[in-house]
Amino acid sequence: MNALQYEKISAPFRARPSLARALLAANKVLTAAFYVLYPVLLVMLFFTQSALLVPCMCVPAAGFVCLSAFRARFNAPRPYELLSIDPLIKKDTSGRSFPSRHVFSATIIAMCWLAWCPLVGCVLLVADAFMAAVRVIGGVHFPKDVVAGAVVGIVCGLGVLLWPLG
């Protein structure tokens, strides 16, 4: 993505302040929803004594730690650092853009839900795709960042789905 492409995808949001506000709200609401739904799932798994509890805790934790270490070492710049753009989503951070940890987290949470309740998992995967689009339109990630975050989340999620259940 270059500056001209970013301006093109963000233009409708810049032309309509209400759309820009909706984008910012979607970013916050989607992020909060995933981070609320994950502990809800863990509590449900605990109280039902589900064999999914251990993989739903261990696989996302290991993936998150590994992804964070990779991001710190790779330290890819964010779009607003490389391109002359004014991002719709304001961030004070620099680097650590690849892969998107927001999208990874949302994807692995959706995959955990998919293992427990496929309908909820599918709905969350759709919400995850929407979050990925919001992060790109908002100017805080390149498309490759969110795609990589989703791919790593899916691969880790397969670890949850394929975990030996006893």
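The values are calculated or read from the model by the stated rules, or taken from the named source; none is laboratory data. None of the values given here were measured: they were computed from a predicted structure. Using ideal geometry, Cβ is built from the backbone for each residue, glycine included, and neighbour counts are taken over all protein chains shown.
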Practice item. Mind listing just one residue for me: the one in region 79-108 that is within 25 Å of Gly159 (Cβ to Cβ) and in contact with a Pro (Cβ under 7 Å, 6 or more places away or on another chain) and, of those, modelled with the highest pLDDT? Key: Ile108
Check your understanding: Taking region 3-22, which residues are in contact (Cβ under 8 Å) with a residue 24 or more places away in the chain and either buried (at least 18 other Cβ atoms within 10 Å of the Cβ) or more than 19 Å from Ser100 (Cβ to Cβ) (or both)?
Key -> Ala3, Tyr6, Glu7, Ser10, Phe13, Arg14, Ala20
Check your understanding: Limited to region 131-151, what total is found for residues that are touching a helix residue (DSSP H, G or I) at 6+ places or on another chain (Cβ under 7 Å) and assigned to a helix (DSSP H, G or I)?
Key -> 10
Review point. Quick one: which of Pro60, Pro99 is buried (at least 21 other Cβ atoms within 10 Å of the Cβ) and either more than 20 Å from the chain's Cα centre (by Cα) or part of a loop (DSSP other than H, G, I, E, B) (or both)?
Key: Pro99
Exercise for review: Pick out the one residue from Ala76, Ala69 that is without any contact (Cβ under 8 Å) to a residue 12 or more places away in the chain and either within 30 Å of Lys8 (Cα to Cα) or exposed (fewer than 12 other Cβ atoms within 10 Å of the Cβ) (or both).
Suggested key: Ala69
